[in-house]
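Report on one structure; see the data block that follows.
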Amino acid sequence: MLQSGEIVSLIADIFTIVASGIAIYLFLFQRSKISNAFNLLLNYSTQLTLSELKSKLDRLNHFNASDSTQKIEVINILHEIQGQTTGNDFLKENLKNIILKIEGFIDKPKSLNEPKKRSLVHELRESIRNLDFDSYNKIIKK
C-alpha cells in the first residue's frame, strides 16, 4: 500500500508530465499563436512608450522656448525625450534624425527658440503618429 506522501508525489509527477506534454504540444503545433501573443505584448509596450512621448510633447507645448525662465524647463523635457528615445532600440532606430536635433538643442540651448521648438514638436508628433500607425499595422497583419 502506498503512503500518503507517495501518493501526493505520484500525483505531482503525473501533473508535471501532463503540463510538460501541453507545453510541448503548444510549442510544436501552436507556435504562431504564441508568437502572435508575444508580438502583441511587444506592440503594447511600444504603444505605452509612444503615449508617454505624446504626453511629454504636450508638456513641451506649454512652455515658451524664447522665454529664458521657461527655456530651462523646455531643455529638461528635451532631456527626458532624448533619454526615452535613446533607451529604446526601436525608437532609437526610427527617430535618429530627431534625436540628433534634440541633442543639438540640448548641447546648444541658445540655438533653441520658439519657432524651432514648435517645428521639433510637430516633427516628433508626426513621427510618433507614423510609428503608432505602423505598430497597429503589424498587429493587424498577423
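Quick notes
- Pairs from Lys96/Lys116; Lys33/Lys96; Lys92/Lys116 whose Cα-Cα separation, in the structure shown, is over 23 Å: Lys33/Lys96
- Here segment 31-141 is assigned +1 on the Cβ of each Lys and Arg and -1 on the Cβ of each Asp and Glu. Its dipole about the Cα centre then comes out at about 260 debye.
- For the chain, the longest principal axis of the Cα atoms and the long axis of helix 68-86 meet at an angle of about 30 degrees.
- In plain terms, the chain from Ser35 to Gln3 could stretch by 7.2 nm, reckoned as 0.36 nm per residue minus the Cα-Cα distance.
- By the rule of a C-alpha distance below 18 Å, with chain neighbours fewer than 8 residues away ignored, the aspartates and glutamates paired with Lys108 are Asp67, Glu73, Glu80.
- Taking Thr49, Thr16 and counting other C-beta atoms within 10 Å, the order from fewest to most: Thr16, Thr49
- Most fluctuating residue given options Phe15, Phe29, Phe105, as computed from a GNM of the chain linking Cα atoms under 10 Å: Phe15
- Sequence-separation-based contact order of segment 61-129, relative, with Cα cut under 8 Å and 6+ spacing, percent: 35 percent
- For Glu126, neighbours were defined as the other residues whose beta-carbon sits under 12 Å from its Cβ, and their charges (Lys and Arg +1, Asp and Glu -1) total +1.
- Length-normalised contact order of the chain in % [C-alpha pairs under 8 Å, at least 6 apart]: 27 percent
- Pairwise FRET efficiency - Lys92 versus Arg118, Cβ, R0 = 35 Å, nearest 0.05: 0.90
- Prolate/oblate/rounded label for segment 2-142 (Cα gyration tensor, a/c 1.5): prolate
- Rounded to 10°, Cα long-axis angle of helix 96-107 versus longest principal axis of the chain: 50 degrees
Every number in this text was worked out from the coordinates using simple rules, so none of it is lab data. Note that the structure is a prediction, hence the values are computed from the model and not measured. Cβ coordinates were reconstructed from backbone atoms using ideal geometry, including for glycine residues, and neighbour counts include every protein chain displayed.
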